[in-house]
1. Of everything in region 91-130, what is among the charged types (D, E, K, R) and in contact with a Lys or Arg (Cβ under 7 Å, 6 or more places away or on another chain)? Give them in sequence order.
2. Kindly indicate whether Val103 is within 16 Å of the ligand (Cβ to nearest atom), surrounded by 22 or more Cβ atoms within 10 Å (Cβ to Cβ) and not in a loop (DSSP other than H, G, I, E, B).
3. I'd like the residue in region 280-334 that is at positive phi and touching a residue at least 24 places away in the same chain (Cβ under 8 Å) and, out of all such residues, is farthest from the ligand (Cβ to nearest atom).
4. Is one or more of the residues making up region 355-373 buried (at least 24 other Cβ atoms within 10 Å of the Cβ) and charged (D, E, K, R)?
5. Among the residues of region 407-447, which ones are of a type in the set (A, V, I, L, M) and either in a loop (DSSP other than H, G, I, E, B) or touching a Lys or Arg at 6+ places or on another chain (Cβ under 6 Å) (or both)?
6. Looking only at region 380-407, count how many residues are in contact with a strand residue (DSSP E or B) (Cβ under 6 Å, 6 or more places away or on another chain) and more than 14 Å from Leu44 (Cα to Cα).
7. Can you say whether Thr331 is in contact with a strand residue (DSSP E or B) (Cβ under 9 Å, 6 or more places away or on another chain) and not in a loop (DSSP other than H, G, I, E, B), as far as the supplied structure shows?
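The values are calculated or read from the model by the stated rules, or taken from the named source; none is laboratory data. Quantities reported herein were computed from a predicted structural model and do not represent experimental measurements. Cβ atoms come from the backbone with ideal geometry, glycine included; neighbour counts cover every protein chain shown.
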Amino acid sequence: MHLIIQHIGQLLTLAPSPNALGEGRGEVKPNPRPLPSREGVKGLGRFGPAMSDLGIIEDGLVAIEDDKIVAVGKTSEFKPKLKFLPHTKVIDARNQVVMPGFVDCHTHLVYGGSREDEFEMRASGVTYQEIAAKGGGIRSTVKATRLASREVLKRDALKRLDRMLLWGTTTVESKSGYGLETKSEIKQLEVNRNLNGLQPIEVVSTFMGAHEFPEEYRSQNIEGGIDREGYVRLICEEMIPRVAEAKLAEFCDVFCDQGVFTPEEAIKILETASNYGLYPKIHADELASVGAAEVAGKVKAVSAEHLLYPSQAGLALMKQAGTIAVLLPGTSLTIKKNYAPARKMIEMGIPVALATDHNPGSCTIENMPFIIGLACLYLGLTPAEAICAATYNAACAIKRGDKIGSVEEGKQADLLIMDIPNYRYIPYHYGVNYVKTVVKKGRIVVG
Ligand SMILES: [Zn+2]
């Protein structure tokens, strides 16, 4: 035992209560049949009333050995059973909250340049779509990312990760998609991989060559102005095989929306990716209702992102497939758009996760507690639901629900000590950093 945190005011374990309904595929309403073994359904995200159960233990204790949690319970019950060795570090967390580290399950972390000029234009009334139509938006970051060296991309991403860690993020998903040509997509993914050894946050890679159509596939001489088929072919026949062969990503994502990739193109790309062992994700129905939530259900996507305008049929298919809805209220705030119908999703029994969507254009937020605040203010989540969405469900959205996202015996010791008397302070006093200590893989990395 090298670290014991004891007398914790509120320990949020996020462990499922033994008879809780609302994990994985199944019904939210009481189920007359006995649940299948919990292992069989674990890791698919919690939904319905189960999202409100934070598994709180008062006067709690967590014991850590190496990188694992070895004991979780009440201090009075566990303390007498534990061996306190000379090297054991003991932390008292009276009047404080201990909880799982935040999992930021949707970011575009590695990119060149910055877009404060566009921010200023938007502040004076120009819309995001108007800027994109003039060659700004994603395409301007593509130019800067192609030009940037690996060193520069790495240096800038490291600064972002340092700040994220201070706000309590212990795992981050990071997408490519600012290369839009094979070598630059691979460059971004290789930087992702490198970042893992250089700082404490675990970086999980997603290939997103289908983020936009690159300049070289656009021409006035082509019908519609874009050689769509040609670029989709490049993704399917060259990028995906190369990325899979070099094991540079676990997931493949497609921006399926108005003005970007169609549902048919998304299905082709995501099915190809699945055949190469990459799990599907999809940016779905953010700008308009185009049938992207339906695609998520059809390809059994691990997660569907944004979802401002999903159809009823699309949500029903997502529920059936066990797809997690990753909601990104920071983007709605930044580009002054609507918010996703989160309550409806929770009522339908779809597991909801939260993330920052950090990127240089539509959302620069790097701070998960702030996202939890926004989720309560604009998505209508309760503080407990938002915390579940930012920890356990977010872990499930990157297929790590069995390793992280909750404080349970046998799990990786990724946790936070927050200097607040109860968890409701996180959204209530948003914008202030209450993270006092960050533990990653059993090691104190902040505080
Ligand atoms: Zn995104």
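1. Listed by number, the list is empty, since nothing qualifies.
2. Taking the combined requirement at face value, the residue satisfies it.
3. Only one residue fits best here, namely Gly322.
4. Checking region 355-373: at least one residue is buried (at least 24 other Cβ atoms within 10 Å of the Cβ) and charged (D, E, K, R).
5. Val407, Ala413, Ile417, Ile420, Val432
6. Total satisfying the criteria: 2.
7. yes
Per-residue answers, yes or no, for (1) charged (D, E, K, R); (2) in the same structural domain as Leu354 (by TED's automatic domain parsing); (3) within 16 Å of the ligand (Cβ to nearest atom):
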{"site": "Ser174", "(1), (2), (3)": "no, yes, yes"}
{"site": "Leu180", "(1), (2), (3)": "no, yes, yes"}
{"site": "Asn194", "(1), (2), (3)": "no, yes, no"}
{"site": "Arg218", "(1), (2), (3)": "yes, yes, no"}
{"site": "Cys236", "(1), (2), (3)": "no, yes, no"}
{"site": "Ala246", "(1), (2), (3)": "no, yes, no"}
{"site": "Gln258", "(1), (2), (3)": "no, yes, yes"}
